[in-house]
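Q: Below is one structure. I have some questions about it.
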Amino acid sequence: MTALRAIRGMNDILPPDAGWWREIESRITRVLANYGYQEIRLPIVESTQVFSRSIGDTTDIVQKEMYTFTDRNGDSLTLRPEGTASCVRAVLENGLLQTPQRLFYMGPMFRHERPQKGRYRQFHQVGVEAFGMDGPDIDAEMILMTSQLWKALGLNQLRLEINTLGTPAVRAQYRDRLVEYFSDHLDQLDPDSLSRLTRNPMRILDSKNPALKALITNAPRLVDSLDDESTAHFLSVRAVLDAAQISYRVNPHLVRGLDYYSKTVFEWITDELGAQGTVCAGGRYDGLVEQMGGRPTPAVGFAMGIERLIELIPGRPEVRTDADLYVIGATVSEKPTALAAAETLRTAYPDLRTLCHCGAEGLKSQMKRADRSGALVAIIIGADEYAAGEVTLKPLRGQGEQCRVTREKMASALGPLVERTQEISPLTGVLAQSIRSIPGGN
Ligand code: HAM
């Protein structure tokens with residue numbers, strides 16, 4: 001039989017990495033909550049139209065990257081390639097747009113791209129969307145918030161690029177000028193750009209092909225045909241960034257790969273991940289809510305790729321995987337008492353990891369496993385202990401003394417043996433770090 005394998009580009013996140021992911025997610029959500037964002041949980045599968053009507057028919061995502069299938073009812077469904085369209089569908093469907101909203105979501109997204117380092121077919125985003133605010137202040141505040149996020153994650157190698165895409169009318173005119181310009185230089189375009197020429201000419205500006213660099217540099221610039229409103233909006237965003245001393249580069253060729261943007265767009269980029277250097281990207285999308293059937297509602301948002309962030313975060317701490325307490329019932333006769341004792345200990349010490357040995361091994365091999373588990377103390381119930389209503393506490397680390405106590409006193413007697421400094425992550429209650437200290441230990 002051939003071995004079963006995960007789908008190419010879709011990864012397992014194993015322990016202890018999963019603990020590290022949880023810690024990163026909790027640091028991120030803490031910053032988002034600090035700015036007043038509330039979590040929204042969205043389905044992973046949506047009607048295909050949710051994406052085809054929003055992301056743009058001519059984008060790479062809709063044209064060739066969506067996981068689309070027909071379900072048993074004959075409906076066309078799609079695994080979400082991004083979260084903005086789902087979020088707009090959800091706020092519309094649930095009538096949340098009566099007042100301004102600051103929302104975030106996180107979870108897996110799916111795109112059938114060619115997998116490589118930093119680019120996967122199932123990847124994870126934290127996405128942020130703000131609805132009902134049309135001023136440049138919210139655009140700027142969002143960028144300030146991303147900057148706080150990098151601080152919380154210990155990232156200092158990211159650079160910010162910003163641009164404005166103007167209003168949809170300005171973009172439509174600009175698109176025509178670009179098609180004209182690139183059509184005059186057809187011989188210089190690579191196959192990718194040729195295919196984009198009619199579908200999505202602004203994406204040619206995004207090309208990473210060095211052979212196209214000069215052609216792109218000399219292309220007409222959107223900034224030269226911007227309307228006054230978009231220019232004023234952009235200048236106000238920049239003024240906030242300047243006042244907050246956030247460094248950035250205005251990149252007139254930053255266009256983004258999804259069609260719904262207007263006015264401000266931005267990306268945080270690193271040079272440390274090769275071609276997949278964009279770790280966070282977003283912008284304003286004032287037309288999308290109306291396009292998806294709602295009243296005109298200004299909106300702005302961004303999403304960051306967790307795989308890319310995790311790759312960059314320095315000093316990845318060891319996530320603890322070992323047990324704290326290991327409960328042993330010497331034979332099958334003591335097993336029920338051992339399981340009950342473990343329950344008592346979990347209630348008394350909810351932040352410790354209490355393992356009760358499961359399986360039919362004898363006392364000696366159970367003791368070996370207890371030792372290998374990294375536990376501080378083994379709680380042993382043999383025939384003698386069972387008969388006397390007692391347990392043996394055997395310190396496995398440091399130099400504490402072995403002792404026998406009644407089952408009633410077990411939890412309190414363990415206290416001095418398992419004293420530790422604990423730092424509980426406030427949002428998730430995850431035991432983020434613990435430092436062992438056993439009386440007499442080192
Ligand atoms: P996006 O630029 O398509 O925007 O994706 C945002 C981020 O997701 C990227 O910068 C990258 O870090 C990560 N990402 C995208 N594709 C992959 C992949 N195949 N593998 C690993 N990471 C990936 C959006 O999705 C918009 N919804 C952002 C937004 C929210 N705009 C407004 N609101």
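Q: Give me the strands (runs of 3 or more DSSP E) completely within the range 41-92, filtered to those with at least 1 residues that are among the aliphatic types (A, V, I, L, M) and without any contact (Cβ under 8 Å) to a residue 40 or more places away in the chain, ordered by residue number. So that I can check it myself, show each step before the final result.
A: Values: elements: 45-47, 67-70, 76-79.
Filter on the range 41-92 gives 45-47, 76-79.
Q: I'm trying to understand the selection: among the residues of the range 271-291, which are open to solvent by less than 30 Å² (accessible area, probe 1.4 Å) and within 10 Å of the ligand (Cβ to nearest atom)? Spell out the reasoning first.
A: Within the range 271-291, the first condition is being open to solvent by less than 30 Å² (accessible area, probe 1.4 Å), and the residues that meet it are 273, 276-277, 279-285, 288-289.
Scanning the range 271-291 gives Leu273, Gln276, Gly277, Val279, Cys280, Ala281, Gly282, Gly283, Arg284, Tyr285, Leu288.
Q: Mind checking which residues of the range 378-396 are surrounded by fewer than 16 Cβ atoms within 10 Å (Cβ to Cβ) and more than 13 Å from Ala341 (Cα to Cα)?
A: The first filter runs over the range 378-396 and keeps only residues surrounded by fewer than 16 Cβ atoms within 10 Å (Cβ to Cβ), leaving 383-384, 387-389.
Matches in the range 378-396: Ala383, Asp384, Ala387, Ala388.
Q: Any residue in the range 100-109 that is within 9 Å of the ligand (Cβ to nearest atom), touching a residue at least 60 places away in the same chain (Cβ under 8 Å) and open to solvent by 40 Å² or more (accessible area, probe 1.4 Å)?
A: Within the range 100-109, not a single residue is within 9 Å of the ligand (Cβ to nearest atom), touching a residue at least 60 places away in the same chain (Cβ under 8 Å) and open to solvent by 40 Å² or more (accessible area, probe 1.4 Å).
Q: If you go through the range 132-167 one residue at a time, how many are over 21 Å from Ala232 (Cβ atoms), in a loop (DSSP other than H, G, I, E, B) and aliphatic (A, V, I, L, M)?
A: So the answer is 2.
Q: Look at the range 285-314 and say how many of its residues are among the basic types (Lys, Arg) and either within 30 Å of Asp12 (Cα to Cα) or touching an Asp or Glu at 6+ places or on another chain (Cβ under 6 Å) (or both).
A: In the first step, residues of the range 285-314 are kept if they are among the basic types (Lys, Arg); the result is 295, 308.
Going one step further and asking which of them are either within 30 Å of Asp12 (Cα to Cα) or touching an Asp or Glu at 6+ places or on another chain (Cβ under 6 Å) (or both), we end up with 308.
Final tally of qualifying residues: 1.
Q: Scan the range 345-352 and give yes if some residue there is polar (S, T, N, Q), open to solvent by less than 50 Å² (accessible area, probe 1.4 Å) and away from the ligand (no atom under 16 Å from the Cβ), otherwise no.
A: Filtering the range 345-352 down to residues polar (S, T, N, Q) leaves 347.
Then drop every residue that is not open to solvent by less than 50 Å² (accessible area, probe 1.4 Å), which leaves none.
Looking through the range 345-352, none of the residues is polar (S, T, N, Q), open to solvent by less than 50 Å² (accessible area, probe 1.4 Å) and away from the ligand (no atom under 16 Å from the Cβ).
Q: Go through (1) touching a residue at least 12 places away in the same chain (Cβ under 8 Å); (2) surrounded by fewer than 19 Cβ atoms within 10 Å (Cβ to Cβ); (3) assigned by TED's automatic domain parsing to the domain that holds Glu141 for Asp242 and report which single condition fails.
A: If we test Asp242 against (1) touching a residue at least 12 places away in the same chain (Cβ under 8 Å); (2) surrounded by fewer than 19 Cβ atoms within 10 Å (Cβ to Cβ); (3) assigned by TED's automatic domain parsing to the domain that holds Glu141, just (1) comes out false.
Q: Now for a different question. Please go through the range 129-167 and pick out each residue that is surrounded by 22 or more Cβ atoms within 10 Å (Cβ to Cβ) and on the phi > 0 side of the Ramachandran plot.
A: Answer for the range 129-167, where residues must be surrounded by 22 or more Cβ atoms within 10 Å (Cβ to Cβ) and on the phi > 0 side of the Ramachandran plot: just Gly166.
Q: Looking at Ile61, Ile40, Ile55, which is the one that is of a type in the set (A, V, I, L, M, F, W, C), more than 12 Å from the ligand (Cβ to nearest atom) and closer than 26 Å to Thr146 by Cα?
A: On the way: Ile61 fails: more than 12 Å from the ligand (Cβ to nearest atom); Ile55 fails: more than 12 Å from the ligand (Cβ to nearest atom).
One residue alone meets the criteria, Ile40.
Q: Next question, about the same structure. Hey, could you check the range 295-312 for residues that are more than 6 Å from the ligand (Cβ to nearest atom) and open to solvent by 20 Å² or more (accessible area, probe 1.4 Å) and say which is nearest to the chain's Cα centre (by Cα)?
A: Just the residues of the range 295-312 that are more than 6 Å from the ligand (Cβ to nearest atom), to begin with: 295-300, 306, 309-312.
Okay, now just the ones that are also open to solvent by 20 Å² or more (accessible area, probe 1.4 Å), so 295-296, 298, 311.
Numbers: Arg295: 30, Pro296: 29, Pro298: 25, Glu311: 12 Å.
Restricting to residues being more than 6 Å from the ligand (Cβ to nearest atom) and open to solvent by 20 Å² or more (accessible area, probe 1.4 Å), the top hit is Glu311.
Q: From the list Gly441, Gly374, pick out the single residue that is modelled with pLDDT under 95, of a type outside the set (Phe, Trp, Tyr) and open to solvent by 20 Å² or more (accessible area, probe 1.4 Å).
A: Of Gly441, Gly374, the one residue that is modelled with pLDDT under 95, of a type outside the set (Phe, Trp, Tyr) and open to solvent by 20 Å² or more (accessible area, probe 1.4 Å) is Gly441.
Q: Taking into account only those residues within the range 16-64 that are under 18 Å from the mean Cα position of the chain (by Cα), of a type in the set (D, E, K, R) and over 15 Å from Met304 (Cα atoms), which is least open to solvent (accessible area, probe 1.4 Å)?
A: Only one residue tops the list, namely Glu23.
Q: Name the residues in the range 181-196 that are free of Cβ contacts under 8 Å to residues at least 12 places away in the same chain and outside any loop (DSSP other than H, G, I, E, B), would you? Talk me through it step by step, then tell me what you get.
A: Narrowing the range 181-196 to residues free of Cβ contacts under 8 Å to residues at least 12 places away in the same chain: 184, 186-187, 191, 194-196.
Across the range 181-196, the qualifying residues are Leu186, Asp187, Pro191, Leu194, Ser195, Arg196.
The values are calculated or read from the model by the stated rules, or taken from the named source; none is laboratory data. Since this is a predicted model, take the numbers as computed values, not measurements. Glycine gets a Cβ as well: all are built from the backbone with ideal geometry, and neighbour counts include every protein chain shown. For the accessible areas, the whole protein counts, side chains as well, though only heavy atoms, and no ligand, DNA or RNA atoms are used. Shrake-Rupley method; radii C 1.70, N 1.55, O 1.52, S 1.80 Å.
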